[in-house]
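What follows is a single structure, written as structure tokens, with notes after it.
Quick note: the coordinates plus some simple rules give every number you see, no bench work behind them. Predicted, not measured: the structure shown is a model, and the values here were computed from it. Glycine also receives a Cβ, built like all others from the backbone with ideal geometry; neighbour counts cover every protein chain displayed.
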């Protein structure tokens, strides 16, 4: 199984796709400290609902796009961490 992709990778790609946009400029546009953007991109921080709403305005995507990336990352990470424990859980009834 491949490693889960942190949504920060998608954010880094979105920044790269917009000529002249930097992490600092994005932070200024959405009104957050530059460290928040850097931490998301480096995988040290999650994309919260607050950040998703802000990013959706700049990139003209629904906030769900960013939250779904985060959700998928968290589910894949949890599934890997649980490993075979999940296989031992059976449906009730």
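The alpha carbon convex hull volume per residue for region 7-80 rounds to 77 Å³. A simple spin-label model places the labels of residue 88 and residue 75 2.4 nm from each other, with each point 7 Å out along Cα-to-Cβ.
If you plug the beta carbon distance of residue 29 and residue 5 into 1/(1 + (r/R0)^6) with R0 = 30 Å, you get a FRET efficiency near 0.80.
Between the Cα long axis of helix 7-16 and the first principal axis of the chain there is an angle of about 30°, rounded to the nearest 10. For the chain, take the longest principal axis of its alpha carbons; what is the angle in degrees between that and the long axis of helix 49-59, to the nearest 10 within 0 to 90? Helix 49-59 and the main axis of the chain meet at about 50 degrees. Taking the C-alpha atoms only, the angle from helix 63-82 to the longest principal axis of the chain is near 40 degrees.
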